[in-house]
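The values are calculated or read from the model by the stated rules, or taken from the named source; none is laboratory data. All values reported here derive from a predicted model rather than from experimental measurement. Cβ sites come from the backbone with ideal geometry, for glycine too, and all protein chains shown count toward neighbours.
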Amino acid sequence: MPISNKTDKLVTISDSEIQVPVDVQSVLPKKSELYGADETSAQSISLDIGGFKLVEVVCEADTATTFTVEYSFDNSHWFTYYSSASAETSYNDVFWTGAQYIRVSSAAAGSAGDTVSLIAGAKP
């Protein structure tokens, strides 16, 4: 396979020692998603992020509500990473963690027909 080196000359790699992981799933992002859920009820999702450390959280709501992002090392004792100071319609964040679990939730708000979406994902 030709590649470019620092001097922009093409070189060919042959008999390479590059190895591809057998378990492709281990390199794919993990995620938990909840789309268009009833905002008149409190909603929550959780995710076992395994050995991944980079977490992305996306929250969207039709009507202003409060969002909470928590993390846990054992899925029993939870610690607050973020909690809305006031009602908001969206929250997005990317952060590093050493925890095993992430939980994202929204408080009940709005009226019939209002929806909320919660997404938590983890990357290697």
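Brief remarks follow.
- Complete set of residues in the stretch 47-100 that are over 25 Å from Thr115 (Cβ atoms), of a type in the set (Ser, Thr, Tyr) and in contact with a Phe, Trp or Tyr (Cβ under 9 Å, 6 or more places away or on another chain): Tyr71, Ser72, Thr97
- Residue list for the stretch 71-107, restricted to those being in a strand (DSSP E or B), of a type in the set (Ser, Thr, Tyr) and either out of contact with any strand residue (DSSP E or B) (no Cβ under 8 Å at 6 or more places or on another chain) or touching a residue at least 40 places away in the same chain (Cβ under 8 Å) (or both): Tyr101, Ser105, Ser106
- Scanning the stretch 66-81 for residues that are surrounded by fewer than 16 Cβ atoms within 10 Å (Cβ to Cβ) and not acidic (Asp, Glu) gives Phe73, Asn75, Ser76, His77, Phe79, Thr80.
- Among the residues of the stretch 108-124, just one is more than 16 Å from Thr65 (Cα to Cα) and part of a loop (DSSP other than H, G, I, E, B), namely Pro124.
- Counted residues, the stretch 82-124 - those being β-branched (Val, Ile, Thr), surrounded by 12 or more Cβ atoms within 10 Å (Cβ to Cβ) and within 12 Å of the chain's Cα centre (by Cα): 4
- If you go through the stretch 19-53 and pick out every residue that is closer than 22 Å to Gly98 by Cβ, at pLDDT below 95 and part of a strand (DSSP E or B), you end up with 3.
- Per-region count, the stretch 45-63, residues surrounded by 15 or more Cβ atoms within 10 Å (Cβ to Cβ) and over 17 Å from Asp93 (Cβ atoms): 2
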